[in-house]
Amino acid sequence: MDDLDRVRGILRDTLQIGSRADALSEQSRLFGVIPEFDSVAVVNVVMSIEVEFGIRISDSELSAEIFETLGSLDRFIASKTGAVIQSGH
């Protein structure tokens, strides 16, 4: 399972969007488009990301741009984990 799939799984479970998560591509818009993804959900998603990827995310690092698309969220996580980002997710 690659990191993009792991992020998709976090969104599926945290937002409780079920199979709709499977349709999310790297370009899929998130915050403001998925009704379940509100400001309260952002906190839960961040906590789930921290646990899943073993990273710490400070409030000062968070911005709306990070949650714009699945790809932008994946790239942010990769920058925190030092993962190599591969195109074609």
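The values are calculated or read from the model by the stated rules, or taken from the named source; none is laboratory data. Just so you know, these numbers come straight off a predicted model, no measurement behind them. Glycine also receives a Cβ, built like all others from the backbone with ideal geometry; neighbour counts cover every protein chain displayed. All accessible areas refer to the heavy atoms of the entire protein, side chains included, with ligands and DNA or RNA removed. Shrake-Rupley method; radii C 1.70, N 1.55, O 1.52, S 1.80 Å.
Given the condition of a type in the set (D, E, K, R) and part of a helix (DSSP H, G or I), answer yes or no: does some residue in the range 30-39 qualify?
Taking every residue of the range 30-39 in turn, none turns out to be of a type in the set (D, E, K, R) and part of a helix (DSSP H, G or I).
State the number of residues belonging to the range 63-89 that are touching a helix residue (DSSP H, G or I) at 6+ places or on another chain (Cβ under 7 Å), in a loop (DSSP other than H, G, I, E, B) and either surrounded by 14 or more Cβ atoms within 10 Å (Cβ to Cβ) or modelled with pLDDT of 95 or more (or both).
2
Filter the range 36-60 down to the residues that are among the aliphatic types (A, V, I, L, M) and open to solvent by 70 Å² or more (accessible area, probe 1.4 Å) and list them by number.
Narrowing the range 36-60 to residues among the aliphatic types (A, V, I, L, M): 40-43, 45-47, 49, 51, 55, 57.
Residues satisfying the conditions are 40, 43, 47, 51.
Looking only at the range 6-25, which residues are buried (at least 17 other Cβ atoms within 10 Å of the Cβ) and outside any helix (DSSP H, G or I)?
17, 24
Give me a count of the residues in the range 1-18 that are at pLDDT below 95 and more than 11 Å from the chain's Cα centre (by Cα).
The total comes to 2.
Among residues belonging to the range 26-35 that are without any contact (Cβ under 8 Å) to a residue 60 or more places away in the chain and of a type outside the set (A, V, I, L, M), point out the one that is surrounded by the most Cβ atoms within 10 Å (Cβ to Cβ).
Per the stated criteria, the residue is 31.
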